[in-house]
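Trainee: Below is the structure I would like to discuss, written out as structure tokens.
Values in this text are rule-based calculations from the coordinates and carry no lab data. Since the structure is predicted, the reported quantities are computational estimates derived from the model, not experimental observations.
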Amino acid sequence: MNKRNFPFDKVNYMLLAAGFITIVIGFMLMAGPGSTETHFEPDIFSFRRIKLAPTVCFFGFIFIIYAIMRKPKKDK
């Protein structure tokens, strides 16, 4: 059987999907109520929105970079 030479294999696509899901989780952690002109919301400066969510997104982007750079193993 003649196998096509694709740049990614199944593992690469699964790693890309995991990285994308990690980024989506990070953006969901950033979400929340905002301040208005009449009401100040102190939650905009919470640990979750300032430190945790950007860190989760950063690791998601690093994971996607790894998934793109990873070489698929050649079958014999």
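Trainee: For P(r) over Cα pairs in 10 Å bins from 0, in percent, which listed value, (1) 18, 36, 24, 15, 6, 1; (2) 21, 56, 22, 1; (3) 18, 31, 22, 15, 9, 4, 1, comes from the coordinates shown?
Mentor: (3)
Trainee: Per 0.36 nm of contour for each residue apart, how much would the distance between residue 55 and residue 30 grow if the chain were fully extended, relative to their Cα-Cα spacing?
Mentor: 7.9 nm
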